[in-house]
Amino acid sequence: MKKVLSLLIVFCLFSFQPVFSLRNLSNGYEVVLNVPAKKLSLYNFGEPIKEYPVGVGKSLTPTPLGRFKVVRRIQNPAWVNPYRQSKVVAAGDNNPIGRYWLGFAMNKKSQEYGIHATTDLNSVGQASTHGCVRMYPDDIKELFNLVNVGTPVHVIYNPVEVKEFEHRLFLRVHPDIYGYMTDDEYVDFAKNQLSGANLVQEQNLYKAIASKDGKDYFIGWTGAEKLNEQEAGPVEKGGLN
């Protein structure tokens, strides 16, 4: 039973520890999960090669932030209901977490957080879990077969993403699902990432931040060879107990 219980995501508890950015990714595969964007990216030698939509933790049970690594790869895991730990669902078609488990973090209560599939496909792209990261079944199968135990997992909180296409800049702003940032902090965070850019549509920057709708807003042109590295979001938030 102890082995089965160790496979399960349960409630995420708060402490305070720094959040890590995308800087200094080492060689080989690395996973970067941006919680407010509800997006998981797979990097290889520092370059993004795959991007997957995911479901993340609710505001009351948030996905922990920080620098982790894959600590467990299990094919056909069992599942224990986090509300009723006596209820165990064996591996198989009726298992709500699917056929693949990538455990990446554990709190002081020996409760493990992982990346897995879900039978509730509508929950992908939502903040609705107990801290787990939910993926579509085909996506987790692909990811499971690419990463190994020891693969770094960076969980960041970046609700402001700057996109570049043919020297044009776009701002994509996501809701602050965990209530970590004020609108003024959104503005400062966006402008810090845009240092070196030639902003010609500053009103769109404020419009994107006011809307927080995840859409791309044109805000200007690149004014330097390389923009600032992407930031990680607010610090001292969302660590593990």
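The values are calculated or read from the model by the stated rules, or taken from the named source; none is laboratory data. Values in this document were obtained by computation on a predicted structure and should not be read as measured data. Here the Cβ is made from the backbone with ideal geometry for all residues, glycine too, and neighbour counts use every protein chain on show.
So the values come out like this:
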{"quantity": "Qualifying residues in segment 106-136 (those that are assigned to a strand (DSSP E or B) and touching a Leu at 6+ places or on another chain (Cβ under 8 Å)) - the one surrounded by the fewest Cβ atoms within 10 Å (Cβ to Cβ)", "calculated": "106"}
{"quantity": "Verdict on residue 170 being in the same structural domain as residue 217 (by TED's automatic domain parsing), in contact with a Lys or Arg (Cβ under 9 Å, 6 or more places away or on another chain), more than 19 Å from residue 63 (Cβ to Cβ) and of a type in the set (Phe, Trp, Tyr)", "calculated": "yes"}
{"quantity": "Which numbered condition residue 141 fails, given (1) charged (D, E, K, R); (2) outside the structural domain of residue 73 (by TED's automatic domain parsing); (3) surrounded by fewer than 18 Cβ atoms within 10 Å (Cβ to Cβ)", "calculated": "(2)"}
{"quantity": "Candidate set from segment 144-176 (those that are more than 20 Å from residue 219 (Cβ to Cβ) and surrounded by fewer than 20 Cβ atoms within 10 Å (Cβ to Cβ)); member that is nearest to the chain's Cα centre (by Cα)", "calculated": "152"}
{"quantity": "Residue match in segment 48-70 (condition: within 22 Å of residue 178 (Cα to Cα), among the hydrophobic types (A, V, I, L, M, F, W, C) and assigned to a strand (DSSP E or B))", "calculated": "yes"}
{"quantity": "Filter result (assigned to a strand (DSSP E or B) and in contact (Cβ under 8 Å) with a residue 24 or more places away in the chain) within segment 159-186", "calculated": "160, 161, 162, 163, 164, 168, 169, 170, 171, 172, 173"}
{"quantity": "Test: residue 125 is among the small types (Gly, Ala, Ser), at pLDDT 95 or above, in the same structural domain as residue 79 (by TED's automatic domain parsing) and within 24 Å of residue 99 (Cβ to Cβ)", "calculated": "yes"}
{"quantity": "Selected residue [in a helix (DSSP H, G or I) and without any contact (Cβ under 8 Å) to a residue 60 or more places away in the chain] from 218, 189", "calculated": "189"}
{"quantity": "Exclusive hit being modelled with pLDDT of 80 or more and in contact with a Pro (Cβ under 8 Å, 6 or more places away or on another chain), set 66, 46, 55, 92", "calculated": "66"}
{"quantity": "Close pairs (7 angstrom Cβ cut-off, 6 or more residues apart or separate chains): of a type in the set (Val, Ile, Thr) in segment 201-213, part of a helix (DSSP H, G or I) anywhere", "calculated": "209/183; 209/186; 209/187; 209/190"}
{"quantity": "Selection from segment 32-76 of residues that are of a type in the set (Ser, Thr, Tyr) and surrounded by fewer than 17 Cβ atoms within 10 Å (Cβ to Cβ)", "calculated": "59"}
